[in-house]
Structure formats: structure tokens, C-alpha cells
Amino acid sequence: MVICMFRLSCKSMMFRVISKGRVKSPWIFHLNTGSCNGCDIEIVAAFAPRYDLERFGCLLVGSPRHADVLLVTGPVTRQMLPRLIRVYEQIPEPKVVVAVGTCASSGSPFLGSEMVEGPVDRIIPVDVYVIGCPPRPEAIVKGVVTAVKSKFR
Amino acid sequence: MDAAVAFITSFPLVLVVSLLFEGIDRKIHARMQKRIGPPIIQPFYDLIKLFNKERIIPVTASTRVFEIMPMIAAAASILGASILLSNTLSGLGMIGDLILVMYLLAMSSIALMVGGLASGNPYAAIGFSRKMSMMIAYEIPMFIAIISVAFGPPAVLTIDRVIKFQISTRLPLAVSSLSMASAAATLLLCIPAAASVVPFDIPEAKTEIIYGFLIEYGGPYLALAKIAKAVSNFTLTLLVSVVFLYIPSLLGEEALINLGISLSICLAVSLLIMFATITVPRTIFARLKIGQAFKFYWMLPLALSILSIILSVIGL
Amino acid sequence: MTAERDVEREVEVEYTRLRIPFGPIHPALKEPVLLRVSVRGEEVVDVDMALGHVHRGIELLAEGRNLIQTLYLIERICGICSHSHTTCFIQALEEIGGITPSKRALYLRTLIFEMERIHSHLLLLGVIAYEIGFDTLFMFTWHVREKILDLFEKITGNRIHHAMNTIGGVRWDLTPRMVEEIDAYMREVEKSVKYIHNVFMDGTVEKRVCGLGVLSYDDAVKLCVVGPTARGSGVDIDVRRDHPYAAYDELKRDFSVVVERGCDVYARTEVRILEIFESINIIRAILDRLPDGPIRPKENVFRLMRGIPEGEAISLVEAPRGELLYFVKTDGSGGLKRLKVRTPTFSNLIGLKPMLIGCEIADVPVIVASIDPCLSCTNRLIVIDQERGESNVIDVDSLRHRVRRRWMRQ
Ligand code: SF4
């Protein structure tokens, strides 16, 4: 009985440590699927000194293999669709997807275009939507932190 | 302390200290850029996370090599660091001399290179060839500088003898003679390249070849690679601080009795060295090109190291 | 970065040549473009470009919407030079409709225009610093850039898409306090940019970018590159001076066109830094001589929109990246028959090939960044045929056809 309890508490400790590690170090991969650059520069601005996403342990990594969080901007264009899926598959589990910007969340104002494959959530599961055109860096920071906290805890 | 105990305890110590060093480096780097920066224990979080991620092995990779190489890299660098640290810790003659430490360090980076190459990614191939030429550029001066210790006043290569020599002369090696000073300078100049930070992070340039040979590594493998890198950076700085700048030697025989104090002084010195040779260059320089870096290493450090060996043969 | 499967397909080792796909997902290129770079050792021997990854069909969409909707749609062509796009579009509309905006409106348009130029150039300087691995400089330039964004937010309420233009004028006015504030901010920005200039003149940056990506004067003229890319190669063109629009006619004496003869990445960078100072001068002149008056017509915009007759017009502006051209054809009932945008990056991308050939792999990202590619602008209706060395703009239908065909193949 006591051993069992001890084991359980050990296990829960482990889980807590692991989830803490995950929450504290979300590495971000940013994918532009046809955005207007507005969102992209706001994401980079979120890493710049004023907002400094790195204080939450975030890093902007260049290879999906290293990433935990996928930031998607832009309505998904036809050419980027296969690449979006491929990048999503390349990211090792556990992962979260954050759709940044109105484009990625709902597709407007490009909705109805021949070349646009609709918003991101039609293609891959999205965990958090950050609305705005473009959203402020604060909102992006909040979006990333919320996504990580809700999924990895 | 007993030598064997020292050796065993130094394993976890090496891990913790080198990760802390990395955290401090990142924090200072951020501070110098007007940012707040991640917490100092950030590398631990990163590792915990990475170890619990999915393992992905690319289809183009030759699986065995790809899997095993990060482990070899991490093991080699941890071994190198703990040989160094346990010698400082115990003050007793143990296994290992300077050549062995250097060899283990080189092995750890070669293992990473080979593992990256095995992933079959073209960027990794470029990273491999770049790292190869960088290693030729910095390893040669580094080895010559270490060898000049054997020719120089201490005339030994085992670490504890070097430490004892410094204690007996009551002077750090680097200030004791001209040849050793230039050897120490060579090593200091080689650290940024060996740690592959800007301006010499050519093999792992993020914006050019996306981390080079680390590109396909993810999850636990990446964690091992990170450990290997952090520990080998730490080893390099500790090497300089123990072999060339053993400040506790000013205390004389005291240094061997109060090992705790001398160890903490050594660590503080190596932290300073890390700040000067890793944090500052990566904050204030732009990345060089491979040709420029090669030229730099074969001009200054190589000349310095050859000077040091000549001087030490003459006996200056 | 491409996936391992992709790599398998795209990398072919022919003798000593290695083909490396740069992009479309590559951390150095903030935007998707696929450069197929063939290298021998570290040297680039051939470049091939594939565009269209962010093709969203904006021109086609515009044809189905009314003018006001289009105004907000084309603002979303590019997030960095959104004001240039709307200004260019509005100018064409005003020409068709015979509407003359008030003096104050024109001055305010110019003010935002120049602020946008500063913000865009600072952004680019940061990106160049980032490409050469100089993180600190990148952080610093982006820190300075935040100040300009603050100003934008104070004036228009938005950081990126300002939505400043409307038919016949602008939407937001300046208060006297704001004028003072802008002046104070400009002083700060000028100081910081001087510092940035010093750093760029410094040895480490210079060593890295001098003599890189040479585009000779002749090539620049032949390939019709525009904007800072052309000015960095000694071609003296600037729409602001040659075909003045908005308030530039009256501000002619307050700025000079910066021309450098270095022809390399360094020259292009320096042109941009010096242009920031010119922009600050223009802004000061505007604040000095800001005329009084209304900022837009009293009438409702929708009435104005419906009043625009059928017609067509071409309008030109000097966007931060160079000459931007709009061809607008209205249908007389508040809609568009045809909209054609020729963005500066489209002209400049062609210049990339002579720049890249012969350089090292390490330099590819810097050189690509040095023309300041804004691919969201470019990827609308373009097919570049590198084999025949020509580029042609194809019409919507055949493009649609092509896209579909490629899609099927995938
Ligand atoms: S949401 Fe707005 S700013 Fe973001 S990509 Fe879309 S149009 Fe651009």
C-alpha cells in the first residue's frame, strides 16, 4: 500500500516535472502559408527586445524537427498546402498549432479565392486562434503561452 | 577526497554546472541585447522537454549511426569534462592527461558530425564539410599549444602534475613564462571556434544552413547533442582555467587542502573565460565566412602556438 | 527546409555539383520562395527560382468586389508597404474620378509614406544583420523600429495595416500635440539610426558584405531593377523626384536621391540607411509646412465610390522597395474591371541571378535579403522562366490552368 502510494506520487512528480519542462520551453517554428507579412513581422517583433518571447523560454527554430509549437500565418495557398501538412507531420509529438492572424483563423479577406484552400483548421487541427490583422505581439505571446499551458499540462 | 569517488561524483556535477553555464550565457547575451532573457535554468527545461519528445528518424538516414552518434558525443564530452574536474576535485593523480581530454573533445564533435551526415540531408552535408575545415583550422593550433606545455616548464602532460607544478611555483602557468602565456592565448582564441559560436558558428549557421548537421536531430537525440555541446564548451573553459590560469596556486599548499575553495575559484575563472570567449564574441560580431575564419586561425593562433612551442623549447 | 522525401527528389548529385533547395521554408528567408541553387563546393554555379507559394489570387478577387472592399483587400497584399499600395490605388481612382484631395490630406499621405519607408528600411537592415549572424544589431534595429510603429499606432490606430487612405483624402488627422510628438520621436530615431550607420560601417559587417552580390550598372539598367537596388548600382531613378505625386512636388527641395556606385550588398544597404535620413528630413519639412484644411471630402465614401465613372488609369509611387505600378480599370458602378499590380520586387528578383552566380553558399541569404524581397507582393501573377532568361506575366486564366495542372501533378 505504502509502496504503491509512493510509486504513484513518484509518477505524478515525474509528470509534473515533464509538463513543467514542456510549458517552460516551447520552441517555435513559423510557417508562412501565404500571409501578407504583417503577421510574420509581428511574430519576429515578438522576439525583439520590446516583447522578448525568449523570456518564456521560446526560441525561433529553423527546423520543424526541433519545434514544439507551429505558428501558421496566412490563408493556406494551394502551393503551400502540401508543405503545411508535411511540416506538421515533421514536428515530433507533443505539438501545438497556433493560427496567427485573421487569415489563418478564418481566411478573410482572401476567402473565396481560387487559390486559397481555406483557413488552417480545415487542414490541420488548431489549438489556439489569435485574431487580429495583424494581432499585436502581446496577443501572439499570449496565444503561444495559452496554447502551451492548455495542451501540455 | 578519494580519486574514484571524485571521478564518480564529477559526472552529475559536470552536467549541472555546464548547463548552468549555458543558462548564464544565454541570460547575459539577452541582457546585452536589451532583453530580459530566459531564466538561468532554462537549459534544464529544454532538456526535460526534449527527452520526452517523440523520436523521429528520417527515412534517408542510416538508422544505427544516426541514433548512436549523439550518445557517443555526449559520453565523450562528459568523460572529458569529468576527468578534468575530478583531477581538480581530488588533487590526486588519476587517469588522464591533457591529450586525452583534447582527444575526447574532438571525438565528441566528430561524432556529431558523422551522425549529422548519416541523416542524409544536404544541409547536414554542407555542415559536415564546413565543420571539417573548421576543425583543421582550430584543432592544430590547439594541439600545438597543449603540446608546448609538455616542452615547457612543467614538462608534464598529466593534469594533476600541471596543477601541482603551478602550486609549487605559486604562480598560474600563463604568467609564469612567455611560452605558456602565448599557449594560453592560443587556446583562448580557439575556444569560440571549438564552441562554434558567432563569429565562428559557420558549420551550424542557422540562417545559412539551418544548424547544419543538427538539422534532422530532434527530441532525445537533440537533447544529447545539446548536452555534448554544453559540456564540451564547459570543458574548454575549465581546461584553460585549470591548466593555465590556476588562480588557487597563489594560495600555495592551501589550495590542495581546501579543495572546495580552489574548485569554486576555478569555476569562477572558467565562468569569466566563458563570458569573454563565448558570450561577448557572439554578441558583438557578425558571422565570418569559412575562408575568412580559416585565414584568421592560420594567421594568428597558429603563429602564436608555434611561437609558444619554440619559446618553450628554448626555455623561456 | 524541405522534408527528407522532398530532398530525395530535389537533390541530384551530378558529378561535383550539388543542388540545394533554398526554401520555400527556410529560416533565413522569411517568405516562401524556392531557390534551387546548384553549387560546386561552396560556389554557386546556377540558380533557379520557383515562385508562387503565396499566390492568393488577389487581382482576381478584386474584380469581384467593390472599390472600398478592394481598398482594404489590396492593403493586405503586403504588410510592410501597405500604405504604398493603397496610395497607388487611390491615386488611380482619383484620377479616373477627377477628385482632388485637399493639400492637408496629401501632406498627411506623404507623412505616413515616409514613416513607412523608415520602418521598412529599418526592418530590412535588421534582416540583413540577422542573415550575417549579427543578432545584436538585428535586435537593436527592431527596437528602433518599434518607435515608428508606436507613432503609426498613435496616428492611425494600427501598427501594420494603417488603413489611412480613403477616396479623396485620408481618414485620420494630426493634432498639434501629435506634431510635437512626431518631431521628438524623429530626433530619437535619427540618433539611433546614426548609431546603426556606424555599426554598419564597422569592420565586421563590412568584411562580410563588401563586394558581394555585384549587380553592375549595365545589368541594372538592362534588367530594369528599381528602387534602392537600382540606386545601389548607380542608376539614378526615383519616382518621388521624376514623377512627383502626393505632396512630393512641393517637397522637392527637402530631399535628395541617394545614389551609390558600389553595386554590391554594402552599397544597397548604405542607400537604405541614407534614405532613412532623407525620410526624416521630409517628415520634418512636412511637419513644418503642414497646411490647414479638411482631410477628406464631406460626402460619404460610398457616394464618392459610385460617382467614379468607367475609365482606366495608371499610377506610380515609390514604395520602400522601388517603383510600384498600378493599372486600374473601373466599370462605372463602383466595381473593377481589371486590376494589375506590378510590384518592385518583381522587377528586382530578376536581378538576383547575376548577383548570385559565383558567390558562396554562405552569401545566398544575404544577397537575397539585400534586394529586400517582398514576396507577398510579388506572388500574384508571375511566371519566371529562368531557362530562357525571360520573365512573363501571364493572364489569370492560363495561370489558373497552370496552378491546377501543377496541383494535379502533386
Ligand atoms: S491576418 Fe492580416 S496581417 Fe495577418 S497575414 Fe492576414 S492580412 Fe496579413
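The values are calculated or read from the model by the stated rules, or taken from the named source; none is laboratory data. Small disclaimer: the values here were computed from a predicted structure and weren't measured. Here the Cβ positions follow ideal geometry from the backbone for every residue, glycine too, while neighbour counts run over all protein chains shown.
Residues of the stretch A:80-126 that are under 14 Å from the mean Cα position of the chain (by Cα) and among the basic types (Lys, Arg): A:LYS95 alone. Checked against (1) over 17 Å from the mean Cα position of the chain (by Cα); (2) among the β-branched types (Val, Ile, Thr); (3) buried (at least 24 other Cβ atoms within 10 Å of the Cβ), C:ILE155 passes all but a single condition, namely (3).
The residue of the stretch A:86-109 that is nearest to the other protein chains (Cβ to nearest Cβ), among those that are surrounded by fewer than 24 Cβ atoms within 10 Å (Cβ to Cβ) and within 12 Å of the ligand (Cβ to nearest atom), is A:PRO109. Within the stretch A:133-153, the set of residues being more than 15 Å from the ligand (Cβ to nearest atom) and more than 19 Å from C:GLU153 (Cβ to Cβ) comprises A:VAL144, A:VAL145, A:THR146, A:ALA147, A:VAL148, A:LYS149, A:SER150, A:LYS151, A:PHE152, A:ARG153.
Of C:TYR217, C:TYR195, all but one fail to be aromatic (Phe, Trp, Tyr), surrounded by fewer than 18 Cβ atoms within 10 Å (Cβ to Cβ) and modelled with pLDDT of 85 or more; the exception is C:TYR195.
Return a yes/no flag: does the stretch B:93-115 have any residue that is within 24 Å of B:ALA293 (Cβ to Cβ), buried (at least 24 other Cβ atoms within 10 Å of the Cβ), within 14 Å of chain A (Cβ to nearest Cβ) and at pLDDT below 80. No, there is no match, as no residue in the stretch B:93-115 is within 24 Å of B:ALA293 (Cβ to Cβ), buried (at least 24 other Cβ atoms within 10 Å of the Cβ), within 14 Å of chain A (Cβ to nearest Cβ) and at pLDDT below 80.
The set of residues in the stretch A:110-121 that are within 16 Å of the ligand (Cβ to nearest atom) and charged (D, E, K, R) comprises A:GLU117, A:ASP121.
Taken over the stretch C:228-260, the criterion of being part of a helix (DSSP H, G or I) and touching an Asp or Glu at 6+ places or on another chain (Cβ under 6 Å) is satisfied by C:VAL239, C:ARG240. Within the stretch A:43-85, the set of residues being facing chain C (nearest Cβ under 7 Å) and either farther than 29 Å from B:ASN121 by Cα or modelled with pLDDT of 85 or more (or both) comprises A:ALA45, A:ALA48, A:PRO49, A:ARG50, A:PRO75. If you go through the stretch A:127-141 and keep only what is within 21 Å of A:SER19 (Cβ to Cβ) and either without any contact (Cβ under 8 Å) to a residue 12 or more places away in the chain or among the hydrophobic types (A, V, I, L, M, F, W, C) (or both), you end up with A:VAL128, A:VAL141.
When every residue of the stretch C:132-142 is checked against the conditions, at least one turns out to be free of Cβ contacts under 8 Å to residues at least 40 places away in the same chain, in contact with a Phe, Trp or Tyr (Cβ under 7 Å, 6 or more places away or on another chain), within 25 Å of C:GLU278 (Cβ to Cβ) and buried (at least 22 other Cβ atoms within 10 Å of the Cβ).
Is there a residue in the stretch B:117-140 that is free of Cβ contacts under 8 Å to residues at least 24 places away in the same chain, part of a helix (DSSP H, G or I) and of a type in the set (S, T, N, Q)? Scanning the stretch B:117-140, I find at least one residue that is free of Cβ contacts under 8 Å to residues at least 24 places away in the same chain, part of a helix (DSSP H, G or I) and of a type in the set (S, T, N, Q), so the answer is yes. Does A:VAL130 qualify as being of a type outside the set (Phe, Trp, Tyr), within 11 Å of the ligand (Cβ to nearest atom), modelled with pLDDT of 85 or more and surrounded by 19 or more Cβ atoms within 10 Å (Cβ to Cβ)? Taking the combined requirement at face value, the residue satisfies it. For the stretch B:37-57, a tally of residues being closer than 16 Å to B:GLU22 by Cα, at the interface with chain A (Cβ under 7 Å from one of its Cβ atoms) and assigned to a loop (DSSP other than H, G, I, E, B) returns 2. When residues in the stretch A:21-34 are screened for being at negative phi and facing another protein chain (nearest Cβ under 7 Å), 6 of them pass.
Screening A:THR77 against (1) of a type outside the set (Gly, Ala, Ser); (2) without any contact (Cβ under 8 Å) to a residue 12 or more places away in the chain; (3) within 16 Å of the ligand (Cβ to nearest atom) leaves a single unmet condition, (2). Looking at this structure, is B:ARG287 surrounded by 15 or more Cβ atoms within 10 Å (Cβ to Cβ) and over 19 Å from the mean Cα position of the chain (by Cα)? Against the criterion (surrounded by 15 or more Cβ atoms within 10 Å (Cβ to Cβ) and over 19 Å from the mean Cα position of the chain (by Cα)), B:ARG287 qualifies. The single residue among C:ASN165, C:ASN198 that is farther than 28 Å from A:CYS36 by Cα and away from chain B (no Cβ under 13 Å) turns out to be C:ASN198. Going through the stretch A:13-42 one residue at a time, which ones are within 16 Å of the ligand (Cβ to nearest atom), small (Gly, Ala, Ser) and either assigned to a loop (DSSP other than H, G, I, E, B) or under 21 Å from B:LEU50 (Cα atoms) (or both)? Hits for the stretch A:13-42 are A:GLY34, A:SER35.
If you filter the stretch C:124-162 down to residues that are more than 16 Å from the ligand (Cβ to nearest atom) and assigned to a loop (DSSP other than H, G, I, E, B), you find that the one that is nearest to C:ARG268 (Cα to Cα) is C:ILE132.
Exactly one residue out of B:PRO70, B:PRO58 is crowded, with 21+ Cβ neighbours inside 10 Å, out of contact with any Lys or Arg (no Cβ under 8 Å at 6 or more places or on another chain) and under 26 Å from A:VAL96 (Cα atoms), and it is B:PRO58.
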